[in-house]
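Colleague: Sharing a structure here in structure tokens format.
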Amino acid sequence: MALPKEDQRYTYEDYYSWDDGERWELIDGVAYMMSPAPLRIHQGILFEIAGQFHEFLKDKPCKAYIAPFDVRLNADTSDDTVVQPDLVVVCDTSKLDDRGCKGAPDMVLEILSPSTSRRDKVLKFHTYLRAGVREYWIVDPDTKTVATNILKNGEYITNAYTDADTVSVHVLEGCKIILPAVFAP
């Protein structure tokens, strides 16, 4: 299939047929090319956060996955939104299949990069809210901050944390992410 065009709408079926060696996301049928490999600092932060989740989730029913991992937010309806968050937590294993997650994960985490910052803070924020993602974290390597967005009554309640804080994960009782370790040089 030809590569996606800006003026067209696509579905997961289209997305899955693209075999161009590039990574793409679909949001409401619009194709967005993923940026090249993230910066080293991005990878270091993701590795530390994923490690902390991995340790906490050992022998628990919830599972964490890191990108690239397809999340089909509206798979049961229009199936035109497929994202690849940096990290997701899924507690309802019936949402998992061989290709990823069908439906809203319990938690999504995005690490900002210069090329995706606006998309993560605005477009994906509203996309995750609309899909019913219960917890959405935005990690900013430049300011060494984390914004947690907790779904309550159809809206996100946002809290901000610095590199000196330890943050409780709302959807995982007892799980705390130690930010000094996440942002360590």
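The values are calculated or read from the model by the stated rules, or taken from the named source; none is laboratory data. Remember, predicted model here, so these are calculated numbers, not experimental data. Here Cβ is always computed from backbone atoms with ideal geometry, including for glycine, and neighbour counts include all displayed protein chains.
Colleague: Filtering the range 50-72 down to residues that are within 11 Å of the chain's Cα centre (by Cα) and not in a strand (DSSP E or B), which residue is farthest from Glu13 (Cα to Cα)?
Modeller: Ala67
Colleague: Looking for something touching a helix residue (DSSP H, G or I) at 6+ places or on another chain (Cβ under 6 Å), surrounded by 15 or more Cβ atoms within 10 Å (Cβ to Cβ) and β-branched (Val, Ile, Thr) - is there at least one such residue anywhere in the range 84-100?
Modeller: Looking through the range 84-100, none of the residues is touching a helix residue (DSSP H, G or I) at 6+ places or on another chain (Cβ under 6 Å), surrounded by 15 or more Cβ atoms within 10 Å (Cβ to Cβ) and β-branched (Val, Ile, Thr).
Colleague: Look at Asp80 and say whether it is surrounded by 18 or more Cβ atoms within 10 Å (Cβ to Cβ), touching a His at 6+ places or on another chain (Cβ under 9 Å) and touching a residue at least 24 places away in the same chain (Cβ under 8 Å).
Modeller: no
Colleague: One residue is enough: does the range 157-176 have a residue meeting the conditions closer than 23 Å to Met34 by Cβ and touching a helix residue (DSSP H, G or I) at 6+ places or on another chain (Cβ under 9 Å)?
Modeller: Within the range 157-176, none of the residues are closer than 23 Å to Met34 by Cβ and touching a helix residue (DSSP H, G or I) at 6+ places or on another chain (Cβ under 9 Å).
Colleague: Would you please list the contacts, defined by Cβ atoms under 8 Å and residues six or more apart or on different chains, that run from a residue in the range 8-22 that is within 21 Å of Thr77 (Cβ to Cβ) to a residue that is of a type in the set (Phe, Trp, Tyr)?
Modeller: Pairs that qualify, where the first residue is within 21 Å of Thr77 (Cβ to Cβ) and the partner is of a type in the set (Phe, Trp, Tyr), are Tyr15/Trp24.
Colleague: Select, from Tyr10, Tyr15, the only residue that is modelled with pLDDT under 90 and surrounded by 14 or more Cβ atoms within 10 Å (Cβ to Cβ).
Modeller: Tyr15
Colleague: Would you be able to say whether some residue in the range 35-44 is in contact (Cβ under 8 Å) with a residue 60 or more places away in the chain, of a type in the set (Gly, Ala, Ser) and part of a loop (DSSP other than H, G, I, E, B)?
Modeller: Yes: one or more hits.
Colleague: Mind listing whichever residues of the range 73-83 are among the hydrophobic types (A, V, I, L, M, F, W, C) and either part of a loop (DSSP other than H, G, I, E, B) or out of contact with any strand residue (DSSP E or B) (no Cβ under 9 Å at 6 or more places or on another chain) (or both)?
Modeller: Matches in the range 73-83: Leu73, Ala75.
Colleague: Have a look at Thr116, Thr148, Thr162, Thr166 and point out the one that is among the polar types (S, T, N, Q) and in contact (Cβ under 8 Å) with a residue 40 or more places away in the chain.
Modeller: That would be Thr116, the only listed residue that is among the polar types (S, T, N, Q) and in contact (Cβ under 8 Å) with a residue 40 or more places away in the chain.
Colleague: Just name the residue that is surrounded by the fewest Cβ atoms within 10 Å (Cβ to Cβ) out of those in the range 131-160 that are out of contact with any strand residue (DSSP E or B) (no Cβ under 9 Å at 6 or more places or on another chain) and on the phi > 0 side of the Ramachandran plot.
Modeller: Ranking the candidates gives Asn153 first.
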